[in-house]
């Protein structure tokens, strides 16, 4: 019996975090935190009494949440932005690496649902530069809790698309087939705009998304005469533009801006829609 009590007393630890007392076990701390693993293996190796406090000049509220995560080995994070940010920074300071990797992996999934990266937390750091940069860019903790919301967009009516309508956009000039056009309405039923609905493929699976969700959260509008880019029918031979190769670079430049391009074999290539924030 005395041997068991001694074991409990040597494993028990009292932490004074910013003036608030936390009582937990060394095994919980060392299994989850590089900071505590180093400290208990060296500096505090002689601290065996349960009633001897170890002072940490850290934030008690964020440590309380972090300790709960360590006890359950789960990302039990609050949706309160400020508190959650402090918890993540506390995890970085104390070396709770598994939690940060979990948060980054979930955030990467919400940001890039079609990504095939095997280590999503590594891909997240490569894309956003780590925790501090992601916090400054307002990516974390927000994207841990879900994809970015682009506003209340409700479909009022669907308008058929031509079989040749396609969206070209993104840094890799992705192409997405337009399946229809959505007439959008606001909370009071008023018409707020029109957007293409595109088919996004992930392996053999095909999903339909508003183009603003698939290519960016900009508002989309019908193109104006001044920004139309066309391959005229006069340059076509049997429906294929003879000068197509000469204009590929120009077409791709439009694609990088996020235009919705209509491909018509006989009539040429015409910009139907564009993002509002294109600089034109």
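Laboratory data are not the source of any read-out in this text; all were calculated from the coordinates shown. Everything quoted here is computed from the prediction, not taken from an experiment. Note that each Cβ is placed from the backbone with ideal geometry, even for glycine, and that neighbours are counted across all protein chains shown.
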Taking neighbour Cβ counts within 10 Å as the exposure measure, how do 179, 65, 211 sort from fewest upward?
-> 179, 65, 211
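Taking neighbour counts of Cβ atoms within 10 Å as a proxy for exposure, in what order, fewest first, do 85, 10 appear?
Values: 85 17, 10 14.
Neighbour counts put them in this order, fewest first: 10, 85.
As a footprinting exposure proxy, order 62, 212 by other Cβ within 10 Å, with the fewest listed first.
Values: 62 23, 212 20.
Final ranking by Cβ density, sparse to dense: 212, 62.
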